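J.: Dropping the structure in here first, questions after.
Readers should treat all values here as calculations from the given coordinates under stated rules, not as data from a laboratory. What you see is a predicted model; the values in this text were computed from it and never measured. All Cβ positions, glycine included, derive from the backbone under ideal geometry; neighbour counts span all protein chains shown.
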Amino acid sequence: MYYEIDLDKIDTNAEPPTEEPARQYYFMAKCREWVREFEQTHGRVPTACVTTFGCQMNARDSEKLRGILKEMGYKEEVEDRADFVIYNTCTVRENANTRVYGRLGQLKPRKKKYPHMMIGLCGCMMQEPEVVEKLKQSYRFVDIIFGTHNIYKFAELVATRFVSERMVIDIWKGTDKIVENLPNERKYEFKSGVNIMFGCNNFCSYCIVPYVRGQERSRAPEAIIKEIERLAADGVSEVMLLGQNVNSYGKTLDTPMTFAGLLKEIEKIEGIRRIRFMTSHPKDLSDELIEVMRDSKKICKHLHLPVQSGSTKILARMNRRYTKERYLNLVEKIRGAVPDISLTTDIIVGFPGETEEDFEETLDIVRKVRYDSAFTFIYSKRTGTPAAAMEDQIPEEVVKNRFDRLLKEVQTIAAKSCAVHEGTVQEVLVENICDHDPEMVTGRLSNNLLVHFQGESGLIGKYVDVKLKECRGFYYIGQLSV
Ligand code: 5AD
Ligand code: SF4
């Protein structure tokens with residue numbers, strides 16, 4: 001559901017409108033004409049595939065791209081056979097970039113064989129000038145390159161490519177513009193991500209996100225509520241509110257509003273049964289938010305609270321603006337208010353200057369908090385960030401050794417923490433047929449853990465009670481409870 005517009009009624013011979021989103025619908029109509037032409041010459045509709053690298057923000061952006069492609073008339077297809085391949089890239093760690101170059105190399109012969117094929121690149125990696133330079137030099141076969149600030153212009157860029165023989169490049173350094181009411185094609189009918197803010201102002205010293213996603217800006221609460229109401233009317237019952245630092249939502253609005261205040265408004269929306277959000281920065285997590293979480297019937301019992309390191313010294317060098325003690329106090333406060341909450345985190349190993357003692361502090365915080373799961377990362381040097389210029393970068397073999405030790409600790413603790421629900425009956429939202437057994441379905445608990453149990457596809461999108469019979473590390477095997 002979105003802006004109700006009949007593309008066939010748009011006069012594509014007229015000048016394009018200047019205001020958004022009307023301008024983009026005009027270009028979607030233009031592209032639709034081209035798609036019809038393709039259909040006549042090839043006897044089939046052209047196909048497209050959007051491949052997402054990276055985080056949930058990118059996943060949501062990809063849904064927007066898919067929505068626009070669908071409006072144009074493209075059919076979805078697997079990457080290997082698609083006429084139009086789009087990579088929505090990530091650049092948070094160096095290996096994300098390496099993967100994209102590798103995949104592009106594989107596309108080259110296909111593009112040579114099928115010259116009508118199109119390749120588009122967008123997302124965080126494109127916001128780095130060196131990347132675009134390299135693509136211009138060595139990957140001339142790419143058709144369209146755009147960044148994180150102008151994905152709403154996708155239709156216009158595709159239309160431009162159709163009429164020009166050259167690579168179309170459109171990268172913006174930043175924007176305060178948020179274009180509402182564009183199409184999107186959800187992956188799931190019953191749940192959806194919802195952007196509540198864009199960008200990040202925190203400048204953690206290792207992180208490239210503030211440079212590639214720009215200044216923090218919040219969407220107006222009215223626009224968010226309207227979108228969620230529409231989603232609910234369209235059958236969505238679970239929303240995931242997305243932002244790099246949701247706890248500082250609303251600070252930049254003309255009429256400021258807190259994240260807790262926004263949650264209270266979303267709680268009132270009929271049809272929404274589950275509310276999730278990510279990511280929370282510990283320095284901005286307020287008492288007000290903890291109270292709202294305690295009193296809410298809809299906010300899920302899961303909090304992703306990236307700690308990054310357990311050493312106060314390293315946290316200061318990371319510019320995280322909290323200490324180990326403050327983080328632990330926060331965890332205690334949250335658990336006091338919501339006792340059965342599941343806590344997950346992100347941890348970086350091998351940040352410049354990290355000594356064995358600092359690393360022991362990280363192991364210590366993991367043992368103290370007992371996370372239900374943790375994403376562990378090896379520190380990756382990102383050019384342009386303050387940490388990249390720091391002395392005492394840690395040798396690879398030391399980092400690898402620490403990483404393995406951390407992973408073992410995290411996994412042992414997580415398996416035990418997750419198992420505490422064994423034997424209980426819990427409400428799950430059924431998401432899909434189990435990947436490994438077609439006789440089973442997979443559902444998600446409020447605390448974000450998955451459970452596989454005997455069931456058929458008719459259950460997908462429904463809430464059912466499931467007995468958690470056996471914990472297998474990070475998921476459960478259960479049985480439908482009647
Ligand atoms: N190296 C390693 N991990 C990083 N992250 C962000 N930047 C880097 C980097 N340069 C991790 C952080 C963040 C998660 C999304 O990615 O842990 O929370
Ligand atoms: Fe990066 Fe820190 Fe912003 Fe998260 S809060 S996106 S880690 S700068």
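J.: So, of the residues in segment 127-140 that are crowded, with 17+ Cβ neighbours inside 10 Å and closer than 21 Å to residue 165 by Cβ, which turns out to be nearest to the chain's Cα centre (by Cα)?
T.: My answer is 132.
J.: Let me ask another. Of everything in segment 231-248, what is part of a helix (DSSP H, G or I) and among the aliphatic types (A, V, I, L, M)? Give them in sequence order.
T.: Passing the criteria: 231, 232, 233, 246.
J.: Which count do you get for residues in segment 286-329 that are within 14 Å of ligand 2 (Cβ to nearest atom) and not in a helix (DSSP H, G or I)?
T.: Result for segment 286-329: 11.
J.: With a cut-off of at least 1 residues that are aromatic (Phe, Trp, Tyr), name the strands (runs of 3 or more DSSP E) lying wholly within segment 34-130.
T.: 84-89
J.: Separate question: Would you point out the residue of segment 206-226, among those that are over 15 Å from residue 250 (Cα atoms) and surrounded by fewer than 19 Cβ atoms within 10 Å (Cβ to Cβ), that is farthest from ligand 1 (Cβ to nearest atom)?
T.: Here the residue is 226.
J.: Something else now. Out of segment 182-201, which residues are in a loop (DSSP other than H, G, I, E, B) and either more than 16 Å from ligand 1 (Cβ to nearest atom) or surrounded by fewer than 19 Cβ atoms within 10 Å (Cβ to Cβ) (or both)?
T.: Passing the criteria: 182, 183, 184, 185, 186, 187, 188, 189, 190, 196, 201.
J.: Based on what the data block shows, is residue 272 among the β-branched types (Val, Ile, Thr), more than 13 Å from ligand 2 (Cβ to nearest atom) and over 22 Å from residue 152 (Cα atoms)?
T.: Against the criterion (among the β-branched types (Val, Ile, Thr), more than 13 Å from ligand 2 (Cβ to nearest atom) and over 22 Å from residue 152 (Cα atoms)), residue 272 qualifies.
J.: Still on this structure, I have one more. Counting residues that are surrounded by 15 or more Cβ atoms within 10 Å (Cβ to Cβ) and without any contact (Cβ under 8 Å) to a residue 24 or more places away in the chain, which strands (runs of 3 or more DSSP E) fully inside segment 418-482 reach at least 2?
T.: In segment 418-482, 440-445 are the strands (runs of 3 or more DSSP E) which contain 2 or more residues that are surrounded by 15 or more Cβ atoms within 10 Å (Cβ to Cβ) and without any contact (Cβ under 8 Å) to a residue 24 or more places away in the chain.
J.: Another question, then. In this structure, does residue 356 turn out to be within 16 Å of ligand 1 (Cβ to nearest atom), free of Cβ contacts under 8 Å to residues at least 60 places away in the same chain and not polar (S, T, N, Q)?
T.: no
J.: Determine which member of the set 336, 353 is away from ligand 2 (no atom under 16 Å from the Cβ), out of contact with any Phe, Trp or Tyr (no Cβ under 9 Å at 6 or more places or on another chain), in a helix (DSSP H, G or I) and among the small types (Gly, Ala, Ser).
T.: Exactly one residue qualifies, and that residue is 336.
J.: A further question on this structure: So, residue 429, is that one more than 16 Å from ligand 1 (Cβ to nearest atom) and under 30 Å from residue 465 (Cβ atoms) or not?
T.: Considered against the rule, which asks whether it is more than 16 Å from ligand 1 (Cβ to nearest atom) and under 30 Å from residue 465 (Cβ atoms), residue 429 comes out as yes.
J.: Additional query: Can we say residue 359 is within 30 Å of residue 341 (Cβ to Cβ), of a type outside the set (Lys, Arg) and surrounded by fewer than 19 Cβ atoms within 10 Å (Cβ to Cβ)?
T.: no
J.: Also, quick follow-up: Out of 145, 178, 224, report the one residue that is β-branched (Val, Ile, Thr) and part of a helix (DSSP H, G or I).
T.: Result of the check over 145, 178, 224: 224.
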